[in-house]
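Student: One structure coming up, written as structure tokens, with questions to follow.
What follows draws every value from the coordinates through simple rules; no lab data is involved. Nothing here was measured: the structure is a model prediction, and the numbers come from that model. Here Cβ is always computed from backbone atoms with ideal geometry, including for glycine, and neighbour counts include all displayed protein chains.
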Amino acid sequence: MELAQLEAWAFTGSEPAGRVVRSPIAVSVSHGAYLRYCVDIEARGRDLDEMIADCRAVGMAYEGFRVRVLAPPPRPQFSDSEVTLAVANAIEGRPRLVDPLVTLAVVITDCGWYCGRLLSVGQNRWRRGMHRPHHFSSALPQRMSRALANTAASPGETLLDPCCGIGTVLMEALDAGIVAFGVDQNGPMLRLVAENLEYLGLPRRLVRADARQLTGHFDGAVLDLPYGRNLVGNLALWRELIAPLRHLATRSVIVAPRPLDELLEESGFRLAKSARVPKGALVRHIHLAVPRPRHVG
Ligand SMILES: C[S@@+](CC[C@H](N)C(=O)[O-])C[C@H]1O[C@@H](n2cnc3c(N)ncnc32)[C@H](O)[C@@H]1O
């Protein structure tokens, strides 16, 4: 949930409330990990009756529409067909169930009922990467990797993964239209990454290097810090991997098995946002960090 909220914030710049984010801007969520729908809200209410009254009050009129009910669990007391019928009766114009000209969505949340045009739907493209030929025990989950890439960069922007491992973040970033570059010091691993990327028809921008010695500048970075058994990391190495991100990237998403607030502060970063993703004994701490301006004089 926390990572989903972080991704929603990264897409819209607005704070989510539970599973919904109300944003003044429309965004394409087709490449999203957790963000599933973008709806242009035209009518709202505290319950079905209020929303239907608002649909009439604002004069919603569409020719050839279909209604789709989007309600996260727990499901409301009305069936989808009851809601669909009530909305269809309140809209001016004829419905068209097959090949509709417009899809109207009804979004039901804890905060209320909303109705409007469905603008964009997440395509769950991260599922493709799960069928890649090569896997790795320390790899990040595919969906999580997509959310991390989306948090660090937007389509068309550049992204660096300086410890790319088997390349899960790279795959997801590239598939989302982000111009991603992968670095790892492990040469044999990079050959497997190349095969994974080729399998998915994605470009290979891979460099074998020590991430502590990189130069250049990228819009975003995703650094998944190395750690050993018992989730213990080498703090000195972490410090050396994090420090160069100050000049390498405008914003960095840093993943570690423990919170890094102090280390980031010492290294000259401001922690803009954070999220936790638990998985058994492991809790992945995700930090969105931006370089703090240095004071002169
Ligand atoms: C936790 S794994 C990354 C896993 C990756 N996110 C994935 O999903 O496959 C950490 C990676 O950091 C790499 N690494 C460790 N120290 C490095 C360094 N100094 N320079 C570049 N890569 C390094 C390791 O080879 C390893 O592949």
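Student: When LEU48, LEU282 are ordered from fewest to most other Cβ atoms inside 10 Å of their Cβ, what list results?
Tutor: Ranked by crowding around the Cβ, least crowded first: LEU282, LEU48.
Student: Work through the residues other than PRO257 whose Cβ is under 15 Å from its Cβ and net out their charges, Lys, Arg +1 and Asp, Glu -1.
Tutor: Here the count lands on +3.
Student: Per 5 Å bin, what percent of the C-alpha pairs of region 6-76 does each bin hold, from zero upward?
Tutor: Histogramming region 6-76 at 5 Å steps yields 3, 12, 20, 23, 20, 16, 6, 0 percent.
Student: How do GLU15, GLU195 rank when sorted from fewest to most other Cβ atoms within 10 Å of their own Cβ?
Tutor: With the fewest neighbours first, GLU15, GLU195 line up as GLU15, GLU195.
Student: Let me ask something else. How far apart, in nanometres, would the label points at LEU97 and LEU231 be if each is projected 7 angstrom from Cα along the Cα-to-Cβ direction?
Tutor: 5.0
Student: Å³ per residue of the Cα convex hull, for region 91-213?
Tutor: Expressed per residue, the convex hull around the Cα atoms of region 91-213 is 161 Å³.
Student: On to the next question. Compute the length gained on full extension between ARG270 and LEU119: take 0.36 nm times their separation in residues and subtract their Cα-Cα distance, giving the result in nm to one decimal.
Tutor: Gain in length upon complete extension: 50.9 nm.
Student: If you don't mind, another one. Which loop chymotrypsin sites (Phe, Trp or Tyr not before Pro) in region 118-211, with loop taken from DSSP, have no more than 16 other Cβ atoms within 10 angstrom of their Cβ?
Tutor: Filter output for region 118-211: PHE136.
Student: Which three extents, in angstrom, do the Cα atoms of the chain have along their principal axes, listed largest first?
Tutor: Each principal axis gives a Cα extent; for the chain these are 64, 48, 38 Å.
Student: Let me ask something else about it. Given the rule -39500 (n - 2.57) for each run of at least 4 DSSP H residues, summed and divided by the residues of the chain, what is its mean residue ellipticity at 222 nm, to the nearest 500 deg cm²/dmol?
Tutor: After summing the helix terms and dividing by the residues of the chain, the value is -8000 deg cm²/dmol.
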